[in-house]
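**Q** Sharing a structure here in structure tokens format.
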Amino acid sequence: MSSEQTPAAPQTAPTRPRRLTYAAGLAALEGLTLVVGGVWMLVLGIGGDPDDRQQAVTGGVTLIVLALLPLLAARGLLGLRSWSRGPAVITQIMALPVAYSLLQADSMAIPAGIALAAVAIASLVLLVNGETTRALGIRGPGRTSE
């Protein structure tokens with residue numbers, strides 16, 4: 001048997017740390033929540049009696065489009081793609097002012113603000129963790145190899 005016919009030894013796939021899996025799950029949860037909220041706004045805008053039908057439809061479509069960022073980031077994190085950490089971190093940073101504004105409301109939005117803030121902070125902690133960074137192959141500035 002020649003060397004061309006010899007099958008190569010299987011390479012072991014890098015293992016995904018549990019923290020990275022949790023971060024991907026939280027990003028996916030945020031994306032799915034945005035999709036549900038967008039569909040709900042669309043249904044109310046089209047079938048209900050909103051104050052401004054065009055604004056309700058635009059808001060619903062906007063939420064659905066915004067859901068793409070965390071959903072794509074979650075898929076990339078699960079696939080150990082280094083590019084995915086950026087969109088995931090951006091999503092969490094964008095969620096913090098939204099959570100703050102929900103916390104300032106005098107309504108039933110306060111529990112939603114608490115939940116959103118908790119998810120965003122937990123996701124950020126998971127995403128900047130050293131184990132997560134190493135698993136994604138992200139090196140700091142000026143580091144060529146470790």
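**Q** Within region 63-84, track down each residue that is among the basic types (Lys, Arg) and within 9 Å of the chain's Cα centre (by Cα).
**A** Arg75
**Q** Yes or no: Ala105 touching a helix residue (DSSP H, G or I) at 6+ places or on another chain (Cβ under 6 Å) and either closer than 17 Å to Thr33 by Cα or surrounded by fewer than 17 Cβ atoms within 10 Å (Cβ to Cβ) (or both)?
**A** no
**Q** Follow-up question, since we're still on this one. State all residues of region 124-138 that are of a type outside the set (Val, Ile, Thr) and out of contact with any Lys or Arg (no Cβ under 8 Å at 6 or more places or on another chain); if no residue qualifies, say none.
**A** Correct list: Leu124, Gly130, Arg134, Gly137.
**Q** In region 115-129, which residue that is small (Gly, Ala, Ser) and open to solvent by less than 30 Å² (accessible area, probe 1.4 Å) is farthest from the chain's Cα centre (by Cα)?
**A** Only one residue fits best here, namely Ala117.
**Q** Do you know which of the residues in region 26-49 that are open to solvent by less than 40 Å² (accessible area, probe 1.4 Å) and of a type outside the set (A, V, I, L, M, F, W, C) is farthest from Arg134 (Cα to Cα)?
**A** Across region 26-49, the extreme among qualifying residues is Gly48.
**Q** Related question: Within region 76-95, is there a residue that is in contact (Cβ under 8 Å) with a residue 40 or more places away in the chain, outside any helix (DSSP H, G or I) and open to solvent by 30 Å² or more (accessible area, probe 1.4 Å)?
**A** Yes, some residue in region 76-95 is in contact (Cβ under 8 Å) with a residue 40 or more places away in the chain, outside any helix (DSSP H, G or I) and open to solvent by 30 Å² or more (accessible area, probe 1.4 Å).
**Q** Can you name every residue in region 28-73 that is free of Cβ contacts under 8 Å to residues at least 24 places away in the same chain and among the small types (Gly, Ala, Ser)?
**A** Those that are free of Cβ contacts under 8 Å to residues at least 24 places away in the same chain and among the small types (Gly, Ala, Ser): Gly45, Gly47, Gly48, Ala56, Gly59, Gly60.
**Q** Something else about it: Looking at Ala112, Ala135, can you tell me which residue is modelled with pLDDT under 95, open to solvent by less than 40 Å² (accessible area, probe 1.4 Å) and of a type outside the set (Lys, Arg)?
**A** So the residue among Ala112, Ala135 that is modelled with pLDDT under 95, open to solvent by less than 40 Å² (accessible area, probe 1.4 Å) and of a type outside the set (Lys, Arg) is Ala135.
**Q** Please give the number of the condition Arg19 fails out of (1) under 30 Å from Gly137 (Cα atoms); (2) at pLDDT below 95; (3) in contact with a Gly (Cβ under 7 Å, 6 or more places away or on another chain).
**A** (3)
**Q** Let me ask something additional. Take the conditions open to solvent by less than 70 Å² (accessible area, probe 1.4 Å) and among the aliphatic types (A, V, I, L, M) and apply them to Val57. Does it pass?
**A** yes
**Q** Restricting attention to region 39-70, which residues are polar (S, T, N, Q) and more than 23 Å from Met94 (Cβ to Cβ)?
**A** Within region 39-70, just Gln54 meets the criteria.
The values are calculated or read from the model by the stated rules, or taken from the named source; none is laboratory data. These figures come from a predicted structure and were not determined experimentally. Glycine gets a Cβ as well: all are built from the backbone with ideal geometry, and neighbour counts include every protein chain shown. Only protein heavy atoms, including side chains, enter the accessible area calculation; ligands, DNA and RNA are left aside. Shrake-Rupley method; radii C 1.70, N 1.55, O 1.52, S 1.80 Å.
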